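Encoded as C-alpha cells, the structure appears first; notes follow it.
No lab work stands behind these numbers, since they all come straight from the coordinates. Bear in mind that the values here come from a model prediction, so they are computed numbers and not experimental data. As a convention, Cβ positions derive from the backbone with ideal geometry for all residues, glycine included, and neighbour counts pool all protein chains shown.
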Amino acid sequence: MICTCDNCRFTYKRIGSYKYCPDCGSSRIREATAREKKEYMDYRKEFYPKQQLA
Ligand SMILES: [Zn+2]
C-alpha cells in the first residue's frame, strides 16, 4: 500500500502496520491518491532505474 502523509506530503510504501509517517512522525497518514502513486513511481524510476518496481 502506498501512503501519503497529510502533514508533510511525504509519500512512501507502507510495510506491515506502520502507522506513522517515517519522515515527520505524524499519524495523519492516508492511502495515496492515483496521482500521488504515479508521482511516487516516477520518483522511484528516476533514482532507481535498474530496480524492478514491486
Ligand atoms: Zn509526514
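With viscosity 1.306 mPa s and temperature 10 °C, the Kirkwood radius over alpha carbon pairs of the chain converts through Stokes-Einstein to a diffusion coefficient of 138 µm²/s.
Please rank 1, 41, fewest neighbouring Cβ atoms within 10 Å first, as an exposure proxy. Spell out each step's value before the answer.
Details: 1 10, 41 13.
In increasing order of surrounding Cβ atoms, one gets 1, 41.
Which GluC sites (Glu not before Pro) in the chain sit in a loop by DSSP (not H, G, I, E or B) and have at most 14 other Cβ atoms within 10 Å of their own Cβ? Walk me through the numbers before you get to the answer.
Details: sites: 31, 36, 39, 46; in loops: none.
Within the chain, no GluC sites (Glu not before Pro) qualify (loop, at most 14 other Cβ atoms within 10 Å).
Just to be sure I follow the rule: in the chain, considering lysines 8 or more places apart or on different chains, how many pairs have Cα atoms under 17 Å apart?
On the way: 13/37; 13/38; 13/45; 37/45.
For the chain, the number of qualifying lysine pairs is 4.
With everything on Cα atoms, drop me the angle between helix 34-47 and the longest principal axis of the chain, reported from 0 to 90° to the nearest 10. Value to nearest ten degrees: 50.
Modelled spin labels at residue 18 and residue 36, positioned 7 Å past Cα toward Cβ, are 1.4 nm from each other. Normalised by the number of residues in the stretch 2-47, what is the relative contact order in percent for Cα pairs under 8 Å and 6+ residues apart? Averaging sequence separation for qualifying contacts and normalising by length gives 39 percent for the stretch 2-47.
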